[in-house]
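Q: Handing you this structure, nothing more for now.
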């Protein structure tokens with residue numbers, strides 16, 4: 001089964017990327033993999049403190065995931081999979097794509113700040129020629145109604 005890979009983070013634009021991935025998956029009979037990446041610099045403390053912080057980060061991610069997963073199951077009939085990785089986001093996205101041959105599309109949300117669409121969209125766009133799958137970039141300010149129409 002083909003899957004949409006969408007990145008779960010704390011950005012506002014993440015919401016539209018999640019909506020888009022769920023809507024497209026629902027309409028095309030695909031699945032959704034939600035990837036959350038914990039940056040390595042978050043754990044530059046003593047071993048015990050680092051382990052506690054890592055566990056807390058995972059708990060936050062799982063709670064955030066459950067909100068999206070419930071909406072996807074209840075509204076779109078999609079049961080998403082959660083993958084949590086640690087490292088540089090661009091490297092971990094590429095690793096996930098390479099490890100899961102069912103992933104067919106990477107979905108990212110673009111911010112509307114004056115500084116640009118966001119660091120992840122910028123970095124992945126630069127690396128897009130070497131990706132084995134296409135990237136769909138969803139504007140963070142796109143309305144739910146417009147998303148429904150285009151999916």
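Q: Express as a percent, rounded to the nearest 5, the fraction of DSSP beta bridges in the chain (both residues included) that run antiparallel.
A: Counting only bridges with both partners in the chain, antiparallel ones make up about 5 percent.
Q: To the nearest 10 degrees, how steeply does helix 47-71 sit against the main Cα axis of the chain, on a 0 to 90 scale?
A: 10
Q: For labels at residue 102 and residue 58 in the simple 7 Å Cα→Cβ model, what's the distance in nm?
A: 2.3
Q: Moving on. Helix-only mean residue ellipticity at 222 nm, the chain, DSSP H runs n ≥ 4 weighted -39,500 (n - 2.57), per residue, nearest 500. What is it?
A: One gets -14000 deg cm²/dmol as the mean residue ellipticity at 222 nm.
Q: What angle do you read, to the nearest 10 degrees and between 0 and 90, between the alpha-carbon axis of helix 14-28 and the longest principal axis of the chain?
A: The angle comes out near 50 degrees.
Q: Here is a further query. Efficiency by 1/(1 + (r/R0)^6): what FRET value for residue 79 and residue 149, r their Cβ-Cβ distance, R0 = 22 Å, to the nearest 0.05?
A: For R0 = 22 Å, the calculated efficiency reads 0.30.
Q: What angle do you read, to the nearest 10 degrees and between 0 and 90, between the alpha-carbon axis of helix 89-99 and the longest principal axis of the chain?
A: Between helix and principal axis, roughly 70 degrees.
Q: Next question, about the same structure. Would you mind ranking 144, 76, 149 by Cβ crowding within 10 Å, fewest neighbours first?
A: Ascending Cβ contact count within 10 Å gives the list 149, 144, 76.
Read-outs throughout are calculated quantities, based only on the coordinates presented, and are distinct from any laboratory measurement. The structure displayed is predicted, hence computed values, not measured ones. All Cβ positions, even for glycine, are placed from backbone atoms using ideal geometry, and neighbour counts span all protein chains on display.
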